1. Kindly indicate whether ILE140 is among the β-branched types (Val, Ile, Thr), over 15 Å from the mean Cα position of the chain (by Cα) and either on the phi > 0 side of the Ramachandran plot or not in a loop (DSSP other than H, G, I, E, B) (or both).
2. Note down all Cβ pairs under 9 Å where the first residue falls in the stretch 94-109 and is over 24 Å from GLU27 (Cβ atoms) and surrounded by fewer than 22 Cβ atoms within 10 Å (Cβ to Cβ), the second is at pLDDT 95 or above and hydroxyl-bearing (Ser, Thr, Tyr), and they're at least six residues apart or on different chains.
3. Cβ contacts < 9 Å: first residue closer than 18 Å to ARG94 by Cβ, restricted to the stretch 115-139; second residue assigned to a helix (DSSP H, G or I) and basic (Lys, Arg), any location; separation 6+ or different chain. Result?
4. Identify, from the list LEU39, LEU115, LEU21, LEU107, the residue that is farther than 24 Å from GLU131 by Cβ and of a type outside the set (D, E, K, R).
5. Quick check on my filter: what residues within the stretch 110-150 are charged (D, E, K, R), exposed (fewer than 15 other Cβ atoms within 10 Å of the Cβ) and touching an Asp or Glu at 6+ places or on another chain (Cβ under 8 Å)?
6. Take the conditions modelled with pLDDT of 95 or more and under 25 Å from LEU47 (Cα atoms) and apply them to LEU132. Does it pass?
7. Considering (1) modelled with pLDDT of 95 or more; (2) under 27 Å from PRO11 (Cβ atoms), say which one GLY137 fails and leave the rest.
8. When the residues of the stretch 67-81 are filtered to those that are within 12 Å of TYR54 (Cβ to Cβ) and of a type in the set (D, E, K, R), which remaining residue is nearest to the chain's Cα centre (by Cα)?
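The values are calculated or read from the model by the stated rules, or taken from the named source; none is laboratory data. Fair warning: this is a prediction, and the values are worked out from it, not measured in the lab. Note that we place each Cβ from the backbone using ideal geometry, even for glycine, and neighbour counts take in every protein chain shown.
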Amino acid sequence: MNAVEIVPIAPDHIESFYRALDFVARERRYLSFLEAPPLEETRAFVLDMIKRGYPQWVALSAGEVVGWCDVTPKTRPIYAHGGVLGIALLPLFRGQGIGKRLILRTLDAARAFGLRRVELTVRENNASAIELYRKVGFEIEGLQRHAVHVDGAAENVVCMALLF
């Protein structure tokens, strides 16, 4: 397998990011949507993140995006000290420490951006992700019961946050 490098997202990563996003979304197990938004909407999102200097990093293997992590700052004034983290890796790249490298780089960027709180939600049955989040400093703040319904099955969502 090729080496994986962690770099800030750039415009030339958008199409490959879109493909990775769509693949993970269609797994129906990890993200808050079941397929990627249209390519142009994804492009607009990424370009806006870049323009605003928001933390968004990608894992590249052979020049292709195989994972990503971003923190989208909240816009309302009373919440503007915090942001929401999103992260995912393609299946072949999970369980190799890449996610930890990716999240640590993104959290460093979030701290440098001036955020003081980063939060996320994760499905309760995603034990490996919860373990990763705990290892990098996230703490459980709560549980949303039956917050997610996919294919007729209800799942609980764990709310976690990290304070800088």
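1. yes
2. Sorted first by the residue in the stretch 94-109, then by its partner, the pairs are ALA109/TYR54.
3. LEU132/LYS100; LYS135/LYS100; VAL136/LYS100
4. Only one candidate qualifies: LEU39.
5. Correct list: GLU141 only.
6. no
7. With (1) modelled with pLDDT of 95 or more; (2) under 27 Å from PRO11 (Cβ atoms) applied to GLY137, the lone miss is (2).
8. The extreme case among them is ASP70.
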